[in-house]
Amino acid sequence: MEKIENTERISDTNIDVTLPVKIGYSVIDELLRSKMIGEIISKEDSNGEKSNYAQILDVSIEKSQLEAYDFLLNINLQTLTSLFKNKQVKILFHASLDLDKGQQRVSLKDYLIDGKTKNWIADQLLETVLNKWMYGKFKKKMNFDFMPHIEKHIKSLNEKLENKLEAKEGIHLIGSLENLELSNLKAGDADLWISVTTKGTGIIELTKLDF
């Protein structure tokens, strides 16, 4: 009987759970702004000389209303060319994301650019330059590694679980979480939702009973 009880007790400590992680677009806004505001959009010719076309003034993110895309980035630019200098331009950048489960990274999969300056020549110029620029710097900036942030919080949680984390009076959690991985992502109306799958051990200990 003792052997059965021990087997059940060990077996019951194993956990395998998927947790949803919600990241508000306002949080992603802060990240994008820190990386992108002030960025110069330029083009290099065959002689290696650069021509500056625009500077990023602001950027914000929301859910795209186009079915094939996840997000819409609103990018405010200031033109720097001699022909169209110091003009305020708004670029709509529809983007779809890809989750690489092997590398545990979220990256830019596809995009659609729509720029409206009310000047056909300026629109064509900006869209041509932006499309080429996206393949380099912008696509690189839309590459997020969320795991260090998640692991930091899991480490903090594990430290608490080692010493009995009190969920509420009389209920304590003991255990350890490990083997974290991103398993899914979805763009919501106001948040990015990421599913995090984790395995580990844990038990719930009752230290007080109230009937």
key: Matching residues in segment 174-195 - criterion: being open to solvent by 40 Å² or more (accessible area, probe 1.4 Å) and either on the phi > 0 side of the Ramachandran plot or part of a strand (DSSP E or B) (or both)   = Ile174, Ser176, Glu178, Asn179, Glu181, Asn184, Lys186, Trp193
key: Unique match (being at pLDDT 75 or above, of a type in the set (S, T, N, Q) and not assigned by the TED database to the domain that holds Ile75) among Ser96, Ser176   = Ser176
task = Select from segment 159-173 the residues that are surrounded by fewer than 12 Cβ atoms within 10 Å (Cβ to Cβ) and among the acidic types (Asp, Glu) and write down the one among them that is farthest from Leu19 (Cα to Cα).
result = Glu169
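Are any of the residues in segment 135-148 open to solvent by 100 Å² or more (accessible area, probe 1.4 Å), among the basic types (Lys, Arg), out of contact with any Cys (no Cβ under 8 Å at 6 or more places or on another chain) and at pLDDT below 80? Give the steps one after another, and end with the answer.
Start the filter on segment 135-148 by keeping residues that are open to solvent by 100 Å² or more (accessible area, probe 1.4 Å), which leaves 135, 140.
If we keep only those that are among the basic types (Lys, Arg) as well, we get 140.
Then keep just the ones that are out of contact with any Cys (no Cβ under 8 Å at 6 or more places or on another chain); that gives 140.
Applying the additional criterion that residues be at pLDDT below 80 yields 140.
Scanning segment 135-148, I find at least one residue that is open to solvent by 100 Å² or more (accessible area, probe 1.4 Å), among the basic types (Lys, Arg), out of contact with any Cys (no Cβ under 8 Å at 6 or more places or on another chain) and at pLDDT below 80, so the answer is yes.
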query = Has segment 4-27 got any residue that is at pLDDT 90 or above, over 17 Å from Lys90 (Cα atoms), outside any strand (DSSP E or B) and of a type in the set (A, V, I, L, M)?
reply = yes
ask   = Does segment 169-211 hold any residues that are β-branched (Val, Ile, Thr) and within 20 Å of the chain's Cα centre (by Cα), and which are they?
value = Ile194, Val196, Thr197, Thr198
task = Check whether at least one residue in segment 98-113 is open to solvent by less than 70 Å² (accessible area, probe 1.4 Å), farther than 30 Å from Val196 by Cβ and either in a strand (DSSP E or B) or among the aromatic types (Phe, Trp, Tyr) (or both), and report yes or no.
result = yes
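Got a number for residues in segment 42-80 being in contact (Cβ under 8 Å) with a residue 40 or more places away in the chain and in a loop (DSSP other than H, G, I, E, B)? Before the answer, list the steps.
Taking segment 42-80 and keeping what is in contact (Cβ under 8 Å) with a residue 40 or more places away in the chain, we get 42-43, 53-54, 63-64, 66, 68-71, 73, 77, 79-80.
Retained after the next criterion (residues that are in a loop (DSSP other than H, G, I, E, B)): 64, 66, 68-70.
Total meeting the criteria: 5.
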ask   = Pick from Gln55, Gln78: which is touching an Asp or Glu at 6+ places or on another chain (Cβ under 9 Å), over 20 Å from Ser26 (Cα atoms) and surrounded by 12 or more Cβ atoms within 10 Å (Cβ to Cβ)?
value = Gln55
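Test of understanding: among Glu67, Glu39, Glu49, Glu44, which residue is open to solvent by 60 Å² or more (accessible area, probe 1.4 Å) and closer than 30 Å to Leu192 by Cα?
Details: Glu39 fails: open to solvent by 60 Å² or more (accessible area, probe 1.4 Å); Glu49 fails: closer than 30 Å to Leu192 by Cα; Glu44 fails: closer than 30 Å to Leu192 by Cα.
Only one candidate qualifies: Glu67.
The values are calculated or read from the model by the stated rules, or taken from the named source; none is laboratory data. Source: prediction; values computed, not measured. Glycine gets a Cβ as well: all are built from the backbone with ideal geometry, and neighbour counts include every protein chain shown. Keep in mind that these areas ignore ligands, DNA and RNA; they rest on the heavy atoms of the full protein, side chains included. Shrake-Rupley method; radii C 1.70, N 1.55, O 1.52, S 1.80 Å.
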